[in-house]
Ligand code: DX5
Ligand code: ZN
């Protein structure tokens, strides 16, 4: 089983305490910052633009986990100052030339990830599983924080893990994004996920941020 990793959903962070939030992540070796980029077309919301990414890169060395929920993701890759160590996820539903976009992410030095909405079948990723370092399973319908888990996505995680392992792609990671509560995280981990997008369900909720991080690490190790 691949080691568990937190990827805090920065769209859920308190903007007025962002600096101390990120310093807390650094102290706790949080490996990614999940950056939800939303264009108001692919998803009915606008979120986290290029200037946010630019300033975050100036402020911290934590790699980005950029989640492109946009039309024409291939035409936007150069907007984010992509670096090696970053993950960049592209929705299969947003481009006709998926393999080309994933290859371009790799050519920019980042790790390509394919993202699938809850209703999008795993077969949409079948022909590019060997081209990616991770698959993002949306466990809510993308666009907003605070939504309920789409229950059938748990089984989808398990089927994907089985498929990847049967192809010898056991190093390909599975990221889950949406309503990752402590209870859901245990089920997702058991199903085969190892990267957890942590938003209002896990980190950005009442109680101490550091305590939530430590409790999560104990829960899924
Ligand atoms: C959903 C967002 C996620 C997540 C937020 O489109 O991409 O960041 O849902 O976390 P929760 O679901 O815990 O509020
Ligand atoms: Zn996301």
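No lab work stands behind these numbers, since they all come straight from the coordinates. None of the values given here were measured: they were computed from a predicted structure. Quick reminder, even Gly has a Cβ in these numbers, built from the backbone with ideal geometry, and neighbours come from all protein chains shown.
Scanning the range 175-191 for residues that are in contact (Cβ under 8 Å) with a residue 60 or more places away in the chain and surrounded by fewer than 22 Cβ atoms within 10 Å (Cβ to Cβ) yields a total of 1. Residue 119 passes every criterion in (1) away from ligand 1 (no atom under 16 Å from the Cβ); (2) over 17 Å from the mean Cα position of the chain (by Cα) apart from (1).
Within the range 90-130, the set of residues being assigned to a helix (DSSP H, G or I), buried (at least 16 other Cβ atoms within 10 Å of the Cβ) and either out of contact with any helix residue (DSSP H, G or I) (no Cβ under 6 Å at 6 or more places or on another chain) or free of Cβ contacts under 8 Å to residues at least 40 places away in the same chain (or both) comprises 92, 93, 98, 101, 102, 104, 105, 125, 128, 129.
Touching a helix residue (DSSP H, G or I) at 6+ places or on another chain (Cβ under 8 Å), within 16 Å of ligand 2 (Cβ to nearest atom) and touching a residue at least 40 places away in the same chain (Cβ under 8 Å), is that true of residue 134? Walk me through it before giving the result.
Working: touching a helix residue (DSSP H, G or I) at 6+ places or on another chain (Cβ under 8 Å): no; within 16 Å of ligand 2 (Cβ to nearest atom): yes; touching a residue at least 40 places away in the same chain (Cβ under 8 Å): yes.
Considered against the rule, which asks whether it is touching a helix residue (DSSP H, G or I) at 6+ places or on another chain (Cβ under 8 Å), within 16 Å of ligand 2 (Cβ to nearest atom) and touching a residue at least 40 places away in the same chain (Cβ under 8 Å), residue 134 comes out as no.
Results for (1) within 16 Å of ligand 2 (Cβ to nearest atom); (2) within 18 Å of the chain's Cα centre (by Cα), shown as yes or no for each residue.
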residue	(1), (2)
145	yes, yes
151	no, no
161	no, yes
169	no, no
183	no, no
189	no, yes
196	yes, yes
